[in-house]
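The values are calculated or read from the model by the stated rules, or taken from the named source; none is laboratory data. Every value quoted in this text rests on a predicted model; they were computed, and no experiment measured them. All Cβ positions, glycine included, derive from the backbone under ideal geometry; neighbour counts span all protein chains shown.
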Amino acid sequence: MIRGNGDEGDPVQPTRRHVALMSGLLITATACGGLRAVIAMADEPAGPPLPPANPSKSVVFIHDGHGDAKVPDRVSDTIANELAKVGYIVRSPDHEQDVVGGPGVDYFFDQDLQFAQHVAEVANFELKAAYTAAQITGPPRLVPRKQVAKNLPGYLGVWLFPKQATKT
C-alpha cells in the first residue's frame, strides 16, 4: 500500500504519477532481465470518469430509441444508474429516437458543456462495455452537440441509437 506523508495508517490512492513511476521501474527491471512479467496497461480507465462539480444542476433525459438489437437490453438503464450515482438528476429512459441527428448528447447553454462532455464519456464507457460483453464492435460514439432550441439551463438530452432496432 502506498502511504502518504510517512504517517502510519495514512493511506492514499495511487496517482498517475505513482503508476508511471512503478511502470518505469517494472520496465527497467524487465529490460535488465531481473523480472519476467508482462503487464497490460489499458488506455481506458477502469471505470467511468468522475463528474465535474455540482452534477445535480443537470437534468438528464435518456432516449434509447428502443436500443440496439445486438446489445443486451436496457443498457440505457445502466447509463442512467451510473449518472444518478454521481449526482445527476436522471429521468427514466424513454424510447424516443433522433432520426436526423443520430447518437449524441444535446446541451443548450455554454455553461452545460462540461456536463454534456462528462455524460457522453459515461455513456460511451457503458456502451463500450455492453458491446464488448456481447462480443461485437461498433458502439455509437456520443459527442456533445450544442442545440439552438429553447430549453432550460442544465437540461441534457442523451440520444443513444439512431433508429429503432428490431430484436432477432
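Okay, here's what the table says:
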{"quantity": "Candidate set from region 76-102 (those that are touching a helix residue (DSSP H, G or I) at 6+ places or on another chain (Cβ under 8 Å) and β-branched (Val, Ile, Thr)); member that is surrounded by the most Cβ atoms within 10 Å (Cβ to Cβ)", "calculated": "Ile79"}
{"quantity": "Long-range neighbours under 9 Å by Cβ, at least six apart or interchain, first residue closer than 14 Å to Gly65 by Cβ and touching a residue at least 60 places away in the same chain (Cβ under 8 Å) within region 99-127, second among the small types (Gly, Ala, Ser) and part of a loop (DSSP other than H, G, I, E, B)", "calculated": "Val99/Gly65"}
{"quantity": "Strands (runs of 3 or more DSSP E) contained in region 51-151 and holding at least 2 residues within 15 Å of Phe161 (Cβ to Cβ)", "calculated": "59-63, 104-107"}
{"quantity": "Any hit, region 25-34, residues being at pLDDT below 90, surrounded by 19 or more Cβ atoms within 10 Å (Cβ to Cβ) and not assigned by TED's automatic domain parsing to the domain that holds Val122", "calculated": "no"}
